[in-house]
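Taking it in order: structure first as structure tokens, then the write-up.
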Amino acid sequence: GAGVSQSPSNKVTEKGKDVELRCDPISGHTALYWYRQSLGQGLEFLIYFQGNSAPDKSGLPSDRFSAERTGGSVSTLTIQRTQQEDSAVYLCASSLMGVTTNEKLFFGSGTQLSVL
Amino acid sequence: KQEVTQIPAALSVPEGENLVLNCSFTDSAIYNLQWFRQDPGKGLTSLLLIQSSQREQTSGRLNASLDKSSGRSTLYIAASQPGDSATYLCAASEGNFNKFYFGSGTKLNVKP
């Protein structure tokens with residue numbers, strides 16, 4: 001596609017439910033990032049995928065959070081047993097390669113998650 | 001872990017003024033630094049990327065500088081316009097690890 005696509009754009013869920021957030025990166029981009037932006041805060045790194053390498057999961061806040069990337073393209077971020085503190089905007093970004101090739105990050109418009 | 005700070009948190013200026021946004025980072029072993037713009041309800045748009053070997057980058061009315069030794073970067077906006085109103089974020093990489101650490105942003109309002 002022309003840009004990074006995220007769905008849904010908005011998600012309202014009840015505490016304790018599971019949610020899945022989807023990211024479709026720019027075609028051909030091998031690097032994919034998930035970030036979380038809480039109200040009035042900066043972006044918090046969650047997870048990074050690069051090609052077929054093992055993902056860097058060091059930013060995931062708890063074991064309720066997981067992510068996968070199928071076929072080196074589409075990624076899904078899953079939050080199990082959602083809590084109110086999970087409410088935030090979840091942003092996905094992609095780049096052609098990783099940091100060391102000095103390429104810009106391209107962000108999607110994000111998914112606004114509200115946990116009631 | 002890279003700690004990134006942006007000052008000021010908010011800035012309001014009249015149209016036509018030149019302005020400077022500041023970003024500081026704690027780990028000088030960065031690989032590169034990016035400046036982004038975020039409009040309300042939207043994702044981030046990359047404005048400029050400065051490699052660690054560079055001292056500045058320019059795009060139109062924007063100029064970004066990088067001083068690794070002092071852990072600082074500035075974004076200079078010349079002849080500001082109301083359309084420049086947005087939140088500006090800087091992001092510093094952590095060495096050559098594939099992570100970017102973001103500041104909390106500077107919310108800019110350019111008054112007509």
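The values are calculated or read from the model by the stated rules, or taken from the named source; none is laboratory data. Fair warning: this is a prediction, and the values are worked out from it, not measured in the lab. Neighbour counts are summed over all protein chains in view; Cβ atoms, including those assigned to glycine, are modelled from backbone coordinates with ideal geometry. The accessibility values were calculated without ligands, DNA or RNA, using every heavy atom of the protein model including side chains. Shrake-Rupley method; radii C 1.70, N 1.55, O 1.52, S 1.80 Å.
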* Asked: Applying the Karplus parametrisation 6.51 cos²θ - 1.76 cosθ + 1.60 with θ = phi - 60° to the phi angles of region A:81-92, what ³J(HN,Hα) value in whole Hz is obtained for each residue in order, glycine and proline being reported as x?
  -> 6, 4, 10, 4, 6, 7, 4, 4, 9, 9, 10, 10
* To do: Please arrange A:THR76, B:THR5 by accessible surface area, largest first, computed with a 1.4 Å probe and ligands excluded.
  => B:THR5, A:THR76
* To do: Using DSSP, restrict attention to beta bridges with both residues in chain A and report what percent are antiparallel, rounded to the nearest 5.
  => 90
* To do: Would you work out the charge dipole size for chain B about its Cα centre, treating the Cβ of every Lys and Arg as +1 and the Cβ of every Asp and Glu as -1, and quote it to the nearest 20 debye?
  => 120
* Order the following by accessible area, largest value first: A:ASP56, A:ASP18, A:ASP86. Probe radius 1.4 Å; ligands, DNA and RNA are ignored. => A:ASP18, A:ASP56, A:ASP86
* **Cα centre as origin, Lys/Arg/Asp/Glu Cβ charges: region A:40-81 dipole, Debye** => 100
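Give the relative contact order (percent, whole number) for chain B; include only Cα pairs under 8 Å separated by 6+ residues.
38
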* Report B:LYS68's accessible area, 1.4 Å probe, all protein chains in place, as a number in Å² to the nearest 10. => 70
* Asked: If you average the sequence gap of Cα pairs under 8 Å that are 6 or more apart and divide by the length of chain A, what percent do you get for the contact order?
  -> 37
* Unit charges on C-beta of K, R, D, E only; dipole of chain A, Debye -> 80
* Asked: In straight Cα distance, which lysines are under 22 Å from B:LYS68, not counting same-chain residues fewer than 8 positions off?
  -> A:LYS104, B:LYS1, B:LYS99
* To do: Indicate, rounded to the nearest 5 percent, the antiparallel portion of the DSSP beta bridges found entirely in region B:1-109.
  => 95
* Structure fact -> Note, region A:43-48: 3J(HN,Hα) by Karplus (6.51, -1.76, 1.60, θ = phi - 60°), whole Hz, Gly/Pro = x, goes 7, 10, 5, 10, 7, 9
* **Residue-by-residue Karplus 3J(HN,Hα) for region A:51-63, coefficients 6.51, -1.76, 1.60, Hz, glycine and proline x** => x, 9, 6, 4, x, 8, 9, 5, x, 5, x, 7, 6
* Environment charge of B:TYR31, counting only residues whose C-beta is closer than 14 Å and scoring Lys/Arg +1, Asp/Glu -1 -> 0
* **10 Å Cβ neighbours from other chains, averaged over peptide A:67-77** => 0
* To do: Please list the non-local residues whose amide H lies under 5 Å from the amide H of B:ILE30, H modeled 1.01 Å from N, same-chain partners needing a gap of 5 or more.
  => B:GLY95
